[in-house]
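Beneath this line is the structure, given in structure tokens, with notes to follow.
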Amino acid sequence: GAAFYPSDGQDAKTLWQRASEGRLPPAPPPESPAPREVAPPERLAKAVGRMLSRVRPQRAPISAIQISVDHFPRYAERHGRAVERAIDQALGSLLAQHIRSADLTAQMEPGRFFLLLACESGHALGAARRLAGLAKALVIEHAGDTLQISVSAGVASLPENGQSMAQVMDAAAKALKDAQAAGRGLCRRFEGVFRGSRPRSEEGSATAF
């Protein structure tokens, strides 16, 4: 047993007696982990730049995952525009909680997220599939309704699929588009080297790294 001064007694005799009786102080409540940050769209470029400056000197592969809620506009059509924020908050929190603290979670636009992981594309594809499974099991409460979603994902890696982060993001977007064209809740990895170019209007944009 254990007893503590002064909560269990003011003198040695009382402390010894209460320790012998096996009186233990109540355990402190567990600390809740600090919530992981989801970078908003306007901070996406800076967040990616910080991670690249940290990872690139190590010459480690970097993989991008673009994740999109399947048929996202339909939720607003049925439940109102406020439901978009509820879905984004629930999904963003889920994604941030289930990747490593050193990796990046960011939102690109409503219903679409971007993850940057320090790993090669095969591992990133496995992570995308795991996250898609978790998203499918997610239960979202909104205005008295219970909602469930599915997500699709596209994966690409640097330097496997491109020589710049902009190329890799475009490759991941192409893989995501292919996944969505094939059905719901699917994940695809970009194969080969992305050689497309961005439209002139996108040059110098927040995602042109």
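Taking label points 7 Å from Cα along the Cα-to-Cβ direction, Lys136 and Arg36 give a separation of 2.1 nm.
A simple spin-label model places the labels of His123 and Ala181 3.1 nm from each other, with each point 7 Å out along Cα-to-Cβ.
Coordinate-derived values only; no laboratory data. This is a predicted model, so every value here is computed, not measured. Virtual Cβ from ideal backbone geometry, glycine too; neighbours counted across all protein chains shown.
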